[in-house]
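**Student:** What follows is a structure written as structure tokens; I'll ask about it next.
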Amino acid sequence: MSTRFTLACWALVAVMLTVAASDQCSDHPVPGTATPRPITAVRLAAESSPAQPPATSEDCTPHNLRASLRPQGPLPAPGQMPAGSTMARIAQQGHLTVGVLEDTYPMSFRDVDLQLKGFDIDVARDIAGAIFGNPERVVFRPVHEATRFEIARSDQVDLVVAAATITCPRRELVDFSTVYYEGTQQVLVNRGSTIKGLDDLRGKRVCAAQGATSVPTILASPSKPILVGATTQPECLMLLQLGEVDAVWADDTLLAGMVKQDRQTEVVNLRLTAEPYGVVIKKKTPDLVRFVNAVLERRAQDGRWRASYEHWLTPLGPPPSPPTPQYQELTP
């Protein structure tokens, strides 16, 4: 049995174990979780626009896309949340409930002990620590890329930290924090591939995960690659290993994790689009948005952002400066 086939088999097993872990490790597993399966490009494109958002507001432009609500003064002390606030309600329930991905190393994944780790998990724990004084007072709920925003709008979670790119259509559905990480879309191929640039993708089979911002980018690409849908990012890696696709198109953070899993792959450094990640928060909770922004601002200033980057994201290069927060007094 070839090494690549063995890796692909283990990739499929890992996906199945992740699903099983979701059922065992979550008090309330997300409905509809199933074994990954290919889906059509037409359906994939439709499902990458969550919940059929309304026409984008003219208030959202590339200039103010990243703007969020400014924190109101210093953070309250842990355990002393303002009466009647969303944070006080969370404190009363005894834990922060956060929707996270489980299979996107190094942002959010389960280790060999099935414990959630990663850059996004650090963000979630810091928010919990600011409310309770204990970063362990958090319950994680598994989500997929295609379900992140639907779940964020529900009562299943308090917020979602899941490598979610801020876009204007998504801002019609949910609110976002300031940017906590600046990603970029790139392409993963097998070592020795003839794909070196966008023109080389013409007629090539390119995999993207359902719900990812890479889907519309692929569909709009002038090189007209053939979009192959997958339900998760690990499934895209498996399809590349099996020779079912020629490339994987995703964020640099996720592709770095795939390279670590399979050294016979490499990233084509095209830097196709900017991917500003924000914490996803349901509408009509502006106090929680301001609170989360204050936590993000503090962790950028006290070195926790850099420490988390150095622990998880060094394959992407030396630590940059944390994203500079942009604030705009939006209508609550």
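The values are calculated or read from the model by the stated rules, or taken from the named source; none is laboratory data. Not measured: the values here are computed from a predicted model. Methodologically, a virtual Cβ is constructed for each residue, glycine included, from the backbone with ideal geometry; neighbour enumeration extends over all protein chains shown.
**Student:** Scanning the range 162-188 for residues that are of a type in the set (G, A, S) and closer than 17 Å to P322 by Cβ, which turns out surrounded by the fewest Cβ atoms within 10 Å (Cβ to Cβ)? Break it down into steps so the answer makes sense when it comes.
**Tutor:** Filtering the range 162-188 for residues of a type in the set (G, A, S) gives 162-164, 177, 183.
Add one more test, that the residue is closer than 17 Å to P322 by Cβ, and what stays is 163, 177, 183.
Working: A163: 26, S177: 30, G183: 23.
Among residues in the range 162-188 that are of a type in the set (G, A, S) and closer than 17 Å to P322 by Cβ, the one surrounded by the fewest Cβ atoms within 10 Å (Cβ to Cβ) is G183.
**Student:** Taking A162 as the residue in question, decide whether it is in the same structural domain as V98 (by TED's automatic domain parsing), closer than 24 Å to D120 by Cα, under 12 Å from the mean Cα position of the chain (by Cα) and assigned to a loop (DSSP other than H, G, I, E, B). Before you say what the answer is, go through the steps one by one.
**Tutor:** Working: in the same structural domain as V98 (by TED's automatic domain parsing): yes; closer than 24 Å to D120 by Cα: yes; under 12 Å from the mean Cα position of the chain (by Cα): yes; assigned to a loop (DSSP other than H, G, I, E, B): yes.
Here the answer is yes, as A162 does meet what is asked.
**Student:** Residues that are touching a Cys at 6+ places or on another chain (Cβ under 7 Å) and within 30 Å of T285 (Cβ to Cβ): list the helices (runs of 4 or more DSSP H) wholly contained in the range 166-244 that include at least 2 such residues.
**Tutor:** Details: elements: 168-171, 214-220, 233-241.
Per the criteria, 168-171.
**Student:** Quick check, is Q301 surrounded by fewer than 17 Cβ atoms within 10 Å (Cβ to Cβ), more than 21 Å from the chain's Cα centre (by Cα) and farther than 23 Å from A67 by Cα? Show your work before the answer.
**Tutor:** Details: surrounded by fewer than 17 Cβ atoms within 10 Å (Cβ to Cβ): yes; more than 21 Å from the chain's Cα centre (by Cα): yes; farther than 23 Å from A67 by Cα: no.
It is false that Q301 is surrounded by fewer than 17 Cβ atoms within 10 Å (Cβ to Cβ), more than 21 Å from the chain's Cα centre (by Cα) and farther than 23 Å from A67 by Cα.
**Student:** Give all pairs with beta carbons closer than 7 Å in which a residue from the range 303-316 that is touching a residue at least 12 places away in the same chain (Cβ under 8 Å) meets a residue that is of a type in the set (K, R) and surrounded by 17 or more Cβ atoms within 10 Å (Cβ to Cβ); count only pairs at least 6 apart in sequence or on separate chains.
**Tutor:** So the pair list comes out as W305/R299.
**Student:** For the range 237-265, what are the residues that are crowded, with 18+ Cβ neighbours inside 10 Å and farther than 29 Å from S177 by Cα? Please lay out each step first, then the result.
**Tutor:** Our first condition is that a residue be crowded, with 18+ Cβ neighbours inside 10 Å; within the range 237-265, this holds for 237-241, 245-258, 262, 265.
Answer for the range 237-265, where residues must be crowded, with 18+ Cβ neighbours inside 10 Å and farther than 29 Å from S177 by Cα: L237, M238, L239, L240, Q241, V245, D246, A247, D262, T265.
**Student:** Restricting attention to the range 271-287, does a residue exist that is out of contact with any helix residue (DSSP H, G or I) (no Cβ under 8 Å at 6 or more places or on another chain), buried (at least 22 other Cβ atoms within 10 Å of the Cβ), hydrophobic (A, V, I, L, M, F, W, C) and over 20 Å from A250 (Cβ atoms)?
**Tutor:** The answer is no, given that none of the residues of the range 271-287 is out of contact with any helix residue (DSSP H, G or I) (no Cβ under 8 Å at 6 or more places or on another chain), buried (at least 22 other Cβ atoms within 10 Å of the Cβ), hydrophobic (A, V, I, L, M, F, W, C) and over 20 Å from A250 (Cβ atoms).
**Student:** Here's another thing I want to ask about it. Confirm whether T217 is closer than 18 Å to M107 by Cβ, among the hydroxyl-bearing types (S, T, Y) and modelled with pLDDT under 95. Lay out the reasoning, then the answer.
**Tutor:** Details: closer than 18 Å to M107 by Cβ: no; among the hydroxyl-bearing types (S, T, Y): yes; modelled with pLDDT under 95: yes.
No, not satisfied.
**Student:** Considering only residues that are part of a loop (DSSP other than H, G, I, E, B) and β-branched (V, I, T), look in the range 268-311 and name the one that is modelled with the lowest pLDDT.
**Tutor:** Here is the first cut: in the range 268-311, the residues part of a loop (DSSP other than H, G, I, E, B) are 269-273, 282-285, 302-303.
Subsequent filtering for residues that are β-branched (V, I, T) retains 273, 285.
Working: T273: 87, T285: 97.
Ranking the candidates gives T273 first.
**Student:** Sticking with this one: So which pairs qualify, if the first residue must be in the range 243-262 and over 13 Å from V187 (Cα atoms), the second must be small (G, A, S), the Cβ gap must be under 8 Å, and the two must be at least 6 apart or on different chains?
**Tutor:** Q261/A11
**Student:** Another question, then. Considering each residue of the range 207-242, count those that are touching a residue at least 24 places away in the same chain (Cβ under 8 Å), of a type in the set (A, V, I, L, M) and closer than 22 Å to P169 by Cβ, and give that number.
**Tutor:** Selection size over the range 207-242: 8.
**Student:** Give the range 203-237 a look and list any residue that's of a type in the set (S, T, N, Q) and more than 21 Å from the chain's Cα centre (by Cα), or say none. Spell out the reasoning first.
**Tutor:** Going through the range 203-237, the residues of a type in the set (S, T, N, Q) turn out to be 210, 213-214, 217, 221, 223, 231-233.
Scanning the range 203-237 gives S221, S223.
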